[in-house]
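Undergrad: Starting off with a structure, shown below.
The values are calculated or read from the model by the stated rules, or taken from the named source; none is laboratory data. Everything numeric in this text was worked out from a predicted model, so none of it was measured. Here the Cβ positions follow ideal geometry from the backbone for every residue, glycine too, while neighbour counts run over all protein chains shown.
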Amino acid sequence: MLLAENVSDFARIAAERLNAGEHHRGVLIAHSSRFSRRPSGIPRIAAAIRALADEELEDRLVYLEERSE
């Protein structure tokens, strides 16, 4: 799984792999408009990732949403 903020590049790369018949482990997108880049934003990103713990992420592009801890 990959965590990124760069939607345009990683969405394209993920789509290219799928179109080529390949797979990827999943791409999580954390928009800076939703999550701070400062160290204080890390717990919010971690909570959003934990909320996906039981989901199958292979070959998916997932936009993280803020979750309460």
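Undergrad: So, in region 1-15, how many residues would count as being over 14 Å from R60 (Cβ atoms) and in a loop (DSSP other than H, G, I, E, B)?
TA: Summing the residues that are over 14 Å from R60 (Cβ atoms) and in a loop (DSSP other than H, G, I, E, B) in region 1-15 gives 2.
Undergrad: Can you report the number of residues in region 37-63 which are surrounded by 12 or more Cβ atoms within 10 Å (Cβ to Cβ), in a loop (DSSP other than H, G, I, E, B) and without any contact (Cβ under 8 Å) to a residue 40 or more places away in the chain?
TA: Matching residues across region 37-63 total 3.
Undergrad: Continuing with this model, one more query. Restricting to region 18-36, what's the tally of residues that are out of contact with any strand residue (DSSP E or B) (no Cβ under 9 Å at 6 or more places or on another chain) and assigned to a loop (DSSP other than H, G, I, E, B)?
TA: First, pick out the residues of region 18-36 that are out of contact with any strand residue (DSSP E or B) (no Cβ under 9 Å at 6 or more places or on another chain): 18-23, 32-33, 35-36.
Those still in the list that are assigned to a loop (DSSP other than H, G, I, E, B) too: 20-23, 32-33, 35-36.
The total comes to 8.
Undergrad: Let me ask you something else. Please identify the pairs in which a residue from region 16-31 that is within 12 Å of E58 (Cβ to Cβ) has its Cβ atom under 7 Å from the Cβ atom of a residue that is exposed (fewer than 11 other Cβ atoms within 10 Å of the Cβ), counting only partners at least 6 apart or on another chain.
TA: Final answer for the pair search is H23/E58; R25/E58; G26/E58.
Undergrad: Within region 33-60, track down each residue that is at pLDDT below 95 and touching a helix residue (DSSP H, G or I) at 6+ places or on another chain (Cβ under 9 Å).
TA: R34, F35, S36
Undergrad: If you don't mind, another one. I want to confirm something. Restricting to region 1-14 and keeping residues that are without any contact (Cβ under 8 Å) to a residue 40 or more places away in the chain and over 21 Å from R67 (Cβ atoms), which single residue is surrounded by the fewest Cβ atoms within 10 Å (Cβ to Cβ)?
TA: S8
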